[in-house]
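Down below is the structure, laid out as structure tokens.
The values are calculated or read from the model by the stated rules, or taken from the named source; none is laboratory data. If you're wondering where the values come from, they're calculated on a predicted model, not measured in any experiment. Cβ atoms come from the backbone with ideal geometry, glycine included; neighbour counts cover every protein chain shown.
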Amino acid sequence: MTNVNVCIKSKFFPVDLYFYQHGDANNAPEKIRKALAFIKEGNDRDRFWKNDEGALARIIFCAMVKDTFKKESYEDDYLFYCKQLYGFYIGFEPVNDDTDRLDININDQTILLKEELYTFEEFIKQDFTNYNEF
């Protein structure tokens, strides 16, 4: 069982924003890579990568949770969806300080994964499909 704190940093946020994933965290880098790469080059990329921190944070969180929902049953029930997201957390402090972190600095356009620092452009060119460092 692997866990990760994804820290979103921006000079426009009063504090760091944390997304926590409990279990199966080794898939988080690839999901985040795909989310960043999905944003088209050009105006969309400039808008989301540089000028809309809130939207970029939402896109990243949605990428982290998208495989969580069971496709065979979509009930119109708020509690049903909340229960599906049981292993995730959004907050202003990391969950369990000893949990691995992936830091996303929106202003610097960098991602720190373990000890390796990537630019957004470098990160989307990687393949984290078999990542198992958490």
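Residue-wise test of (1) of a type outside the set (Lys, Arg); (2) at pLDDT 85 or above.
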position	(1), (2)
11	no, yes
15	yes, yes
67	yes, no
72	yes, no
82	yes, no
90	yes, yes
104	yes, yes
107	yes, yes
Filtering the range 79-125 down to residues that are touching a Phe, Trp or Tyr at 6+ places or on another chain (Cβ under 7 Å) and part of a loop (DSSP other than H, G, I, E, B) yields 92, 93, 94, 95, 109
Those residues of the range 82-107 that are without any contact (Cβ under 8 Å) to a residue 60 or more places away in the chain and either closer than 25 Å to residue 38 by Cα or crowded, with 16+ Cβ neighbours inside 10 Å (or both) come to a total of 2
May I ask you to verify whether residue 115 is at pLDDT 95 or above and out of contact with any strand residue (DSSP E or B) (no Cβ under 8 Å at 6 or more places or on another chain)? no
Contact list, first residue from the range 116-133 and touching a residue at least 12 places away in the same chain (Cβ under 8 Å) and of a type in the set (A, V, I, L, M), second anywhere and surrounded by 12 or more Cβ atoms within 10 Å (Cβ to Cβ) and part of a helix (DSSP H, G or I), beta-carbon distance below 8 Å, six or more apart or interchain, is 124/33; 124/36; 124/37
